[in-house]
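The values are calculated or read from the model by the stated rules, or taken from the named source; none is laboratory data. Everything numeric here is computed off the predicted structure, so don't read it as measured data. All Cβ positions, glycine included, derive from the backbone under ideal geometry; neighbour counts span all protein chains shown.
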């Protein structure tokens with residue numbers, strides 16, 4: 001929780017771009033799956049939690065700009081369905097824990113690439 005607070009405070013101070021926060025979190029989760037030193041894994045988890053703390057204010061700002069208030073609940077509920085299906089698939093699979101972190105890091109990396117592609121088309 002302290003790492004999330006740190007990420008939220010860093011978001012207020014540095015105002016990072018969403019791509020940077022997602023790329024940093026993808027790197028942190030992937031490094032957890034690759035590295036086996038406990039202290040480095042712990043630092044990677046703290047980095048990921050800091051990125052989560054920076055992510056929520058950024059997402060709240062985007063949500064308020066892009067999703068109308070009257071349909072926000074329905075839209076967010078629709079986006080939670082695929083997320084929950086992915087979580088169920090990962091938890092019910094027989095993948096090793098390191099592989100689950102690698103898959104989550106890969107999903108985050110794909111998200112970063114999609115976001116960069118969308119931003120390049122807009123600007």
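A few points about this structure:
- Filtered residues of segment 81-104 (kept if surrounded by 11 or more Cβ atoms within 10 Å (Cβ to Cβ) and either modelled with pLDDT of 95 or more or farther than 16 Å from residue 29 by Cα (or both)): 86, 89, 93
- Filtered by the rule that a residue be in a helix (DSSP H, G or I) and over 23 Å from residue 20 (Cα atoms), segment 59-75 gives 69, 70, 71, 72, 73, 74, 75.
- Residue check, residue 90 closer than 23 Å to residue 118 by Cβ and part of a helix (DSSP H, G or I): no
- Checking each residue in segment 10-58 for being more than 25 Å from residue 97 (Cβ to Cβ), in a helix (DSSP H, G or I) and free of Cβ contacts under 8 Å to residues at least 24 places away in the same chain picks out 13, 14, 20.
To keep it simple, each residue is scored yes or no on (1) surrounded by fewer than 17 Cβ atoms within 10 Å (Cβ to Cβ); (2) under 14 Å from residue 105 (Cβ atoms); (3) out of contact with any helix residue (DSSP H, G or I) (no Cβ under 9 Å at 6 or more places or on another chain).
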{"site": "18", "(1), (2), (3)": "no, no, no"}
{"site": "31", "(1), (2), (3)": "no, yes, no"}
{"site": "37", "(1), (2), (3)": "yes, no, yes"}
{"site": "43", "(1), (2), (3)": "yes, no, no"}
{"site": "68", "(1), (2), (3)": "yes, no, no"}
{"site": "78", "(1), (2), (3)": "yes, no, yes"}
